[in-house]
1. Can you pull out every residue in region 78-133 that is in a loop (DSSP other than H, G, I, E, B), surrounded by 10 or more Cβ atoms within 10 Å (Cβ to Cβ), at pLDDT 65 or above and of a type outside the set (D, E, K, R)?
2. Among the numbered criteria (1) farther than 15 Å from Asp79 by Cβ; (2) β-branched (Val, Ile, Thr); (3) touching a Leu at 6+ places or on another chain (Cβ under 9 Å), which single criterion is violated by Val62?
3. Can you name the number of the only condition in (1) touching a strand residue (DSSP E or B) at 6+ places or on another chain (Cβ under 6 Å); (2) modelled with pLDDT of 90 or more; (3) hydroxyl-bearing (Ser, Thr, Tyr) that Ser75 fails?
4. What number of residues within region 17-30 are charged (D, E, K, R) and either within 16 Å of Ser6 (Cβ to Cβ) or surrounded by 13 or more Cβ atoms within 10 Å (Cβ to Cβ) (or both)?
5. Tell me, which residue of region 31-56 that is modelled with pLDDT of 90 or more and outside any strand (DSSP E or B) is surrounded by the fewest Cβ atoms within 10 Å (Cβ to Cβ)?
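The values are calculated or read from the model by the stated rules, or taken from the named source; none is laboratory data. Here the structure is a predicted model, which is why all the values come from computation and not from measurement. Note: ideal-geometry Cβ built from the backbone for every residue, glycine included; neighbour counts use all protein chains shown.
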Amino acid sequence: MLQLKSYVDMTGSDPQHQSYDYECLFPENCNPREICLSFIKAADKYIFRVNPHFRYDGSNSVMGILADTGAVSFSSWQDAEHALRNLSEEGIKPTTSNATPDTLTNWDEISVPEASELKTPSFEHLKERLQKM
C-alpha cells in the first residue's frame, strides 16, 4: 500500500500525472464489472473515481457512493486505504464524514394527529388579509 500511496501522492504534485489508473474487476454484484479505478490526490484529500459508471446491488456504502456519483473522497490516506481494502466486503460504512448521523428518521414512527386546529386558509381569506396590509 505504501507504493500505491507514493504513486497517488505524485498525482497531486506532478502535472503530467493527473491520476493513477488501475484496471480492475469489481465484485459480481456490479454491472459492468470491468472498471477503471482512478486514484487522485487533491490538496487535502484522496479521491477514488470510476469509469465507466456501474450499477451496484449490495450493501457496501463506499461502493454505493461510487456507483451513484462516480467518485468518493477521503480526508486522509488511512481512510482511503481502509475503504480500498474493504471494497469487496458488504456492509462497510464510509469513513468520509463524521457529520453524517448514524440513524435517519424512521418515517413509520411519525404520526400526524387526526384532528388538528390548523386549517388551510382559502384563497379569499388570504386575499382579504393581504388587502388589509
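1. Asn86, Leu87, Ser88, Pro121
2. Single failed check for Val62: (1).
3. So the condition that Ser75 fails would be (1).
4. Number of matching residues: 1.
5. Only one residue fits best here, namely Pro52.
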